[in-house]
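See structure below.
The values are calculated or read from the model by the stated rules, or taken from the named source; none is laboratory data. No experiment lies behind these values; they were computed from the predicted model shown. Note that each Cβ is placed from the backbone with ideal geometry, even for glycine, and that neighbours are counted across all protein chains shown.
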Amino acid sequence: MKDLFPAFKYNLAQTTKFNAIQLEIEKAEGIYLYDKNGKKYTDLISGVAVNNLGHRHPKVIEVIQKQLDKYIYLMVYGEFVQKETVHLAEKLAALLPETLSTSYFVNSGSEAIEGALKLVKLHTKKHQVISFKGSYHGSTQATLSLLGEEKFKNPFRPLAPLQKQIEFNNPEQLGEINHQTACVIMEPIQTASGMIMPENKFLDKVRQRCDETGALLIFDEIQTALGRTGKLFAFETFGVIPDILCLAKSLGGGLPIGAFISSREIMNSLDNGHPLLGHASTFGGHPLVCATALATLDVLYTENYIKEIEAKSQLFRQLLVHPLINDICGTGFLLSVDLGNTGITKKFVELVIPNGIITYWFLFNDHSFSILPPLTITNEEIEESCAIILKTLDKLNSE
Ligand SMILES: Cc1ncc(COP(=O)(O)O)c(C=O)c1O
């Protein structure tokens, strides 16, 4: 094993590849991380779109502490009535369109997608799934079947049959969606490839083709939801409503959760002649996590963070002007800064972290680095962060 991974040498399995950051963090508060020497880092990646409220938001901590005084875990999902779980489902229903009224809670993004795919099978009795090149929907067997990059999934073949990947933003390929298609799954903005925006009403065109053929449309909003686009959900930005919505990451306010959400009618298909139920999950709907998710939604909904995202995003764009920056893609706080070159991007990330900024490149795009800060970042903190980024780019430019 390479010396790059000292933490993974002995008892801990290797859990990441590339050049693991390997920082040992003692404490995290707001947008800052502190290492064991007290050095401060600005978190511009939010644990990859998880900590949308930053670290240890006081209202989230308060709810966790209250819940710890009541109970942590009671019984496998669904056997008891857990108020926190019921309230979270009610809250989501109140925030979502009528056709997304019914939530099934699970533990992760991958499991949310798995659950959604199983629901589709039970509801439509079909199993052809269309996903998109350049997409990532998780790391389990079923989600790997959807993956849009062959080399990442090839070692696991054979995977699920009848899975097809078509090109994002290419309406000519939408003819692949036909009456055999059970569902189309996509992110409204492709995150793993570097924040690729839908162009020329592409989402409307996918929606229309699904309606023509009877295929269900699943939106994976595991990264894009909870305020990053300047709306609570990215689909609101584009005015296209999916049949099934998958959430995870930021919904748990830092604790693990996933959810697949649909209409009551579609969700009832989980009971479609199945001897148990279409999906089961020991920790699904965990009361502590659901209480935290409720607090997260409450803070996001009642405070001004989401309204300020567009202006703060523009501030990043105004400040991040440099000869090494080719382009900035994405929207809101889903930004990808294109340095045009893999080597420079790797060097940049390696230099900027010791300079006090946490960022990273993308799974399928190693010539860009990401800007996914907590929504709570202030204008002053954005200015300070951009000054460090520009100084680091200057250093690279002078080499
Ligand atoms: C868009 C998207 N979908 C699904 C997943 C899988 O989520 P998890 O890692 O919680 O299983 C991820 C994780 O990065 C993701 O970014």
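Contact annotation: residue pairs with Cβ atoms under 7 Å, 6 or more positions apart or on different chains, pairing a residue in the range 251-271 that is assigned by TED's automatic domain parsing to the domain that holds Ile241 and at positive phi with a partner that is at pLDDT 95 or above and among the polar types (S, T, N, Q), are Gly253/Thr292; Gly253/Thr296; Gly254/Asn51.
I'd like to know if the range 170-191 contains one or more residues that are among the small types (Gly, Ala, Ser) and touching a helix residue (DSSP H, G or I) at 6+ places or on another chain (Cβ under 9 Å). Checked against the condition, which is being among the small types (Gly, Ala, Ser) and touching a helix residue (DSSP H, G or I) at 6+ places or on another chain (Cβ under 9 Å), the range 170-191 yields at least one hit. Determine if the range 81-95 includes at least one residue that is in contact (Cβ under 8 Å) with a residue 24 or more places away in the chain, within 11 Å of the ligand (Cβ to nearest atom) and assigned to a helix (DSSP H, G or I). The answer is no, given that none of the residues of the range 81-95 is in contact (Cβ under 8 Å) with a residue 24 or more places away in the chain, within 11 Å of the ligand (Cβ to nearest atom) and assigned to a helix (DSSP H, G or I).
Within the range 70-80, the residues that satisfy the criterion of being outside any helix (DSSP H, G or I) and either without any contact (Cβ under 8 Å) to a residue 12 or more places away in the chain or not hydroxyl-bearing (Ser, Thr, Tyr) (or both) are Ile72, Leu74, Met75, Val76, Gly78, Glu79, Phe80.
For the range 301-320, a residue qualifies if it is acidic (Asp, Glu) and in a helix (DSSP H, G or I), and the qualifying residues are Glu308, Glu310. Hey, does the range 128-139 have a residue that's over 22 Å from the mean Cα position of the chain (by Cα), more than 16 Å from the ligand (Cβ to nearest atom), modelled with pLDDT of 95 or more and farther than 26 Å from Thr16 by Cβ? Looking for residues that are over 22 Å from the mean Cα position of the chain (by Cα), more than 16 Å from the ligand (Cβ to nearest atom), modelled with pLDDT of 95 or more and farther than 26 Å from Thr16 by Cβ, one finds at least one in the range 128-139, hence yes.
Can you tell me which residue within the range 104-113, out of those that are small (Gly, Ala, Ser) and crowded, with 24+ Cβ neighbours inside 10 Å, is farthest from the ligand (Cβ to nearest atom)? Break it down stepwise before answering.
Taking the range 104-113 and keeping what is small (Gly, Ala, Ser), we get 108-110, 112.
Now narrow it down to the ones that are crowded, with 24+ Cβ neighbours inside 10 Å: 109, 112.
Numbers: Gly109: 2, Ala112: 8 Å.
If we take residues in the range 104-113 being small (Gly, Ala, Ser) and crowded, with 24+ Cβ neighbours inside 10 Å, then Ala112 is farthest from the ligand (Cβ to nearest atom).
Selection over the range 61-76 of residues that are crowded, with 21+ Cβ neighbours inside 10 Å and assigned by TED's automatic domain parsing to the domain that holds Leu255 gives a count of 0.
Does Gly175 satisfy the criteria of being of a type outside the set (D, E, K, R) and part of a loop (DSSP other than H, G, I, E, B)? Judged against the criteria, Gly175 is not a match.
Consider the range 321-345 and keep the residues that are in a helix (DSSP H, G or I) and in contact with a strand residue (DSSP E or B) (Cβ under 7 Å, 6 or more places away or on another chain). The one that is modelled with the lowest pLDDT is Thr342. Checking the structure you have, find out if any residue of the range 140-151 is within 13 Å of the ligand (Cβ to nearest atom), more than 27 Å from Glu265 (Cα to Cα), free of Cβ contacts under 8 Å to residues at least 24 places away in the same chain and in a loop (DSSP other than H, G, I, E, B). Among the residues of the range 140-151, at least one is within 13 Å of the ligand (Cβ to nearest atom), more than 27 Å from Glu265 (Cα to Cα), free of Cβ contacts under 8 Å to residues at least 24 places away in the same chain and in a loop (DSSP other than H, G, I, E, B), which makes the answer yes.
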